[in-house]
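Have a look at the structure below before the remarks.
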């Protein structure tokens with residue numbers, strides 16, 4: 001486990017639709033785009049996004065490193081359940097109906113769609129496709145392809161995350177060759193952009209007849225068939241187990257659209273794969289690739305150095321962003337006893353000494369995660385507002401009393417607080433839950449020892465979890481560290497076969513139906529959903545519904561904040577740490593970039609999307 005990014009939460013559509021694009025209101029409709037609560041930053045007829053260089057030269061190559069926890073990739077289909085697809089494939093190869101800007105929150109602009117009209121009753125949105133939209137094979141992008149993509153993503157062979165976030169979509173109607181209408185089961189201001197962010201692919205992709213069976217492939221059998229998308233890049237040279245190169249399509253249909261001008265500047269994007277973090281770091285120093293984002297404070301402070309940094313070829317950059325802090329956390333699987341007991345969960349959290357870890361291990365580089373919506377308007381403060389209380393009161397008898405008091409604050413060990421005091425509180429909670437010291441071990445009434453397993457996909461995670469293990473030992477709680485290979489790790493997560501894991505949830509400025517995948521009752525019983533904690537509570541379901549169906553910004557914020565209070569005070573998650581900067585080392589001799597990073601960009605995304613090849617040096 002790396003100190004700042006254990007395992008990214010990888011629900012395929014949720015973060016794209018919610019964190020990047022946001023949600024839309026019929027009242028804020030405009031022909032060229034949508035705004036969530038107010039006006040679009042970019043008016044009709046704009047020429048390019050402010051954060052790009054519209055005259056950036058095309059050409060050259062950027063060499064990246066895959067930060068995915070995998071030894072290789074084994075498929076080109078990023079949407080099916082089994083196997084691992086290469087990094088960045090989906091965003092580079094598949095266009096969507098709408099695309100978000102990186103300097104604006106809660107907005108989307110037409111890409112494949114020339115315009116979009118949300119019905120006044122909020123029960124549908126209609127998209128008209130551009131006549132010029134083309135797939136990589138030259139075929140036009142038609143309404144039938146949108147329908148095909150939608151049906152496939154809701155089918156039996158893709159991630160159940162799609163079914164969760166699209167659960168309020170009643171269907172899709174083909175109204176004409178280039179016109180589609182999505183129908184909704186109920187008004188939901190998020191859904192127009194959720195469906196607008198879906199990846200669109202050709203009906204011809206994988207549509208071959210198996211010569212052995214005479215049958216056409218099912219989507220889970222579309223594995224290494226080259227994807228037929230409409231994005232700016234295609235798959236180029238591939239060395240399985242080593243690297244993959246994406247090549248820019250010089251005939252890319254959208255290259256001159258305002259939403260694409262100044263982007264996709266590299267002719268080639270090569271993603272290299274290394275076995276571990278040490279190999280990646282040494283390869284960077286050796287000049288084998290051009291850019292690497294760092295999640296380890298120790299690496300950044302002590303090991304990102306060498307000859308190329310001294311000469312200025314490699315540069316360390318910290319770029320401040322306004323992205324949501326997310327809620328990187330230890331996740332407690334409440335499907336299993338004793339983690340189904342809130343008192344046990346709270347006691348486990350009290351044994352974590354974050355302040356010591358930040359001083360001794362993280363070079364004071366991080367801030368503690370406070371809740372689900374840090375660094376956004378959704379973050380609750382103090383006690384619940386009257387609007388929040390109105391949403392919470394119907395569930396008072398089924399919620400922890402603390403929900404109705406001040407917002408949850410993780411336990412501290414500095415100032416007037418101490419680890420010893422926290423452990424005493426934890427001991428009292430465990431005793432109240434029936435766990436007492438018997439024969440030198442913490443046992444329940446049946447004599448069962450309180451023993452748990454922390455599952456990780458890398459042995460390096462032991463360094464960070466060991467201080468917590470030592471503190472839990474003082475309470476008599478046994479926490480075993482269990483590293484497994486990445487394939488087995490994925491399998492166990494999909495089937496919820498774990499006690500405790502660590503997940504880096506990315507967060508969102510405009511949370512919506514993707515939170516039903518993270519915390520909804522239906523997702524809790526659906527394999528491969530994002531509800532790793534097993535949260536199944538009617539109050540949570542109701543608040544997610546209030547959040548997605550809010551008719552005004554005040555109602556939306558009240559629902560978000562109430563949801564945050566319920567989740568945090570229920571101790572499903574033990575918050576870890578976050579940072580408000582992207583730390584990247586990059587090759588300044590090979591890469592050129594805009595002067596400033598747009599506030600809502602991720603580091604690698606910003607580089608891939610808007611940087612360009614530097615002119616050759618004249619040494």
Test: residue in the stretch 213-229 that is surrounded by 16 or more Cβ atoms within 10 Å (Cβ to Cβ), in the same structural domain as residue 49 (by TED's automatic domain parsing) and farther than 20 Å from residue 203 by Cβ: no
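Without any contact (Cβ under 8 Å) to a residue 40 or more places away in the chain, out of contact with any strand residue (DSSP E or B) (no Cβ under 9 Å at 6 or more places or on another chain) and more than 24 Å from residue 585 (Cα to Cα): is that true of residue 213 in this structure? Break it down into steps so the answer makes sense when it comes.
Numbers: without any contact (Cβ under 8 Å) to a residue 40 or more places away in the chain: yes; out of contact with any strand residue (DSSP E or B) (no Cβ under 9 Å at 6 or more places or on another chain): yes; more than 24 Å from residue 585 (Cα to Cα): yes.
It is true that residue 213 is without any contact (Cβ under 8 Å) to a residue 40 or more places away in the chain, out of contact with any strand residue (DSSP E or B) (no Cβ under 9 Å at 6 or more places or on another chain) and more than 24 Å from residue 585 (Cα to Cα).
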Checking residue 265 against (1) surrounded by fewer than 18 Cβ atoms within 10 Å (Cβ to Cβ); (2) within 27 Å of the chain's Cα centre (by Cα); (3) in contact (Cβ under 8 Å) with a residue 12 or more places away in the chain; (4) farther than 27 Å from residue 358 by Cβ, the condition it does not meet: (1)
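Could you tell me which residue of the stretch 289-307 is surrounded by the most Cβ atoms within 10 Å (Cβ to Cβ), considering only residues that are touching a strand residue (DSSP E or B) at 6+ places or on another chain (Cβ under 7 Å) and not in a strand (DSSP E or B)? Walk me through it before giving the result.
Restricting attention to the stretch 289-307, the residues satisfying the condition of being touching a strand residue (DSSP E or B) at 6+ places or on another chain (Cβ under 7 Å) are 289-294, 300, 304.
After this cut, where a residue has to be not in a strand (DSSP E or B) as well, the list is 289-290, 300, 304.
On the way: 289: 22, 290: 25, 300: 21, 304: 19.
Among residues in the stretch 289-307 that are touching a strand residue (DSSP E or B) at 6+ places or on another chain (Cβ under 7 Å) and not in a strand (DSSP E or B), the one surrounded by the most Cβ atoms within 10 Å (Cβ to Cβ) is 290.
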Qualifying residue in the stretch 308-324 (condition: more than 22 Å from residue 423 (Cβ to Cβ), assigned to a loop (DSSP other than H, G, I, E, B), modelled with pLDDT of 95 or more and within 24 Å of the chain's Cα centre (by Cα)): no
Filter pass, residue 187 being modelled with pLDDT under 95, assigned by TED's automatic domain parsing to the domain that holds residue 137 and within 26 Å of residue 107 (Cα to Cα): yes
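Considering only the stretch 171-196, state which residues are closer than 22 Å to residue 228 by Cβ and surrounded by fewer than 24 Cβ atoms within 10 Å (Cβ to Cβ). Steps first, please.
Taking the stretch 171-196 first, the residues closer than 22 Å to residue 228 by Cβ are 172, 174, 177-180, 195-196.
Passing the criteria: 172, 174, 177, 178, 179.
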Residue 477 within 31 Å of the chain's Cα centre (by Cα) and either over 22 Å from residue 435 (Cβ atoms) or in contact (Cβ under 8 Å) with a residue 40 or more places away in the chain (or both): no
Scan of the stretch 115-139 for residues that are in a strand (DSSP E or B) and under 22 Å from residue 250 (Cα atoms), ordered by number: 129, 134
So residue 545, is it without any contact (Cβ under 8 Å) to a residue 40 or more places away in the chain and either in a strand (DSSP E or B) or surrounded by fewer than 21 Cβ atoms within 10 Å (Cβ to Cβ) (or both): yes
Checklist (1) outside the structural domain of residue 465 (by TED's automatic domain parsing); (2) assigned to a loop (DSSP other than H, G, I, E, B); (3) at pLDDT below 95 applied to residue 605, failing item: (2)
Qualifying residue in the stretch 241-259 (condition: part of a loop (DSSP other than H, G, I, E, B), buried (at least 21 other Cβ atoms within 10 Å of the Cβ) and modelled with pLDDT under 95): no
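Looking only at residues in the stretch 39-75 that are within 20 Å of the chain's Cα centre (by Cα) and assigned to a loop (DSSP other than H, G, I, E, B), which one is modelled with the highest pLDDT?
The first filter runs over the stretch 39-75 and keeps only residues within 20 Å of the chain's Cα centre (by Cα), leaving 64-70, 73.
Add one more test, that the residue is assigned to a loop (DSSP other than H, G, I, E, B), and what stays is 66-70, 73.
Values: 66: 85, 67: 71, 68: 57, 69: 53, 70: 49, 73: 88.
Filtering the stretch 39-75 for residues that are within 20 Å of the chain's Cα centre (by Cα) and assigned to a loop (DSSP other than H, G, I, E, B), the one modelled with the highest pLDDT comes out as 73.
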Filter pass, residue 135 being within 29 Å of the chain's Cα centre (by Cα) and in contact (Cβ under 8 Å) with a residue 60 or more places away in the chain: yes
Yes/no for residue 87 being surrounded by 20 or more Cβ atoms within 10 Å (Cβ to Cβ), part of a strand (DSSP E or B) and touching a strand residue (DSSP E or B) at 6+ places or on another chain (Cβ under 7 Å): no
Test: residue in the stretch 336-358 that is under 26 Å from residue 450 (Cβ atoms), without any contact (Cβ under 8 Å) to a residue 24 or more places away in the chain and either assigned to a helix (DSSP H, G or I) or in contact with a helix residue (DSSP H, G or I) (Cβ under 9 Å, 6 or more places away or on another chain) (or both): yes
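Looking at 493, 429, which is the one that is touching a residue at least 24 places away in the same chain (Cβ under 8 Å), out of contact with any strand residue (DSSP E or B) (no Cβ under 9 Å at 6 or more places or on another chain), assigned to a helix (DSSP H, G or I) and in the same structural domain as residue 372 (by TED's automatic domain parsing)? Please lay out each step first, then the result.
On the way: 493 fails: out of contact with any strand residue (DSSP E or B) (no Cβ under 9 Å at 6 or more places or on another chain).
So the residue among 493, 429 that is touching a residue at least 24 places away in the same chain (Cβ under 8 Å), out of contact with any strand residue (DSSP E or B) (no Cβ under 9 Å at 6 or more places or on another chain), assigned to a helix (DSSP H, G or I) and in the same structural domain as residue 372 (by TED's automatic domain parsing) is 429.
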Matching residues, the stretch 484-514, being in contact with a helix residue (DSSP H, G or I) (Cβ under 6 Å, 6 or more places away or on another chain) and at pLDDT 95 or above: 498
Check on residue 181, assigned to a loop (DSSP other than H, G, I, E, B), in contact with a strand residue (DSSP E or B) (Cβ under 9 Å, 6 or more places away or on another chain) and in contact (Cβ under 8 Å) with a residue 40 or more places away in the chain: no
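When the residues of the stretch 3-38 are filtered to those that are at pLDDT 75 or above and assigned to a loop (DSSP other than H, G, I, E, B), which remaining residue is nearest to residue 330 (Cα to Cα)?
Kept after step one, since they are at pLDDT 75 or above, are these residues of the stretch 3-38: 32-37.
Filter once more, so that each one left must be assigned to a loop (DSSP other than H, G, I, E, B): 32, 36-37.
Values: 32: 42, 36: 32, 37: 33 Å.
If we take residues in the stretch 3-38 being at pLDDT 75 or above and assigned to a loop (DSSP other than H, G, I, E, B), then 36 is nearest to residue 330 (Cα to Cα).
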Qualifying positions in the stretch 374-422 - outside any helix (DSSP H, G or I), within 30 Å of residue 467 (Cβ to Cβ), in contact (Cβ under 8 Å) with a residue 12 or more places away in the chain and over 27 Å from the mean Cα position of the chain (by Cα): 400, 405, 406, 412, 413, 414
Residue in the stretch 553-574 that is part of a strand (DSSP E or B) and over 30 Å from residue 263 (Cα atoms) present: yes
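The values are calculated or read from the model by the stated rules, or taken from the named source; none is laboratory data. Only a predicted model underlies this, so the values are computations on that prediction, with no experimental measurement involved. Because the Cβ atoms are built from the backbone with ideal geometry, glycine has one as well, and the counts that use them run over all protein chains shown.
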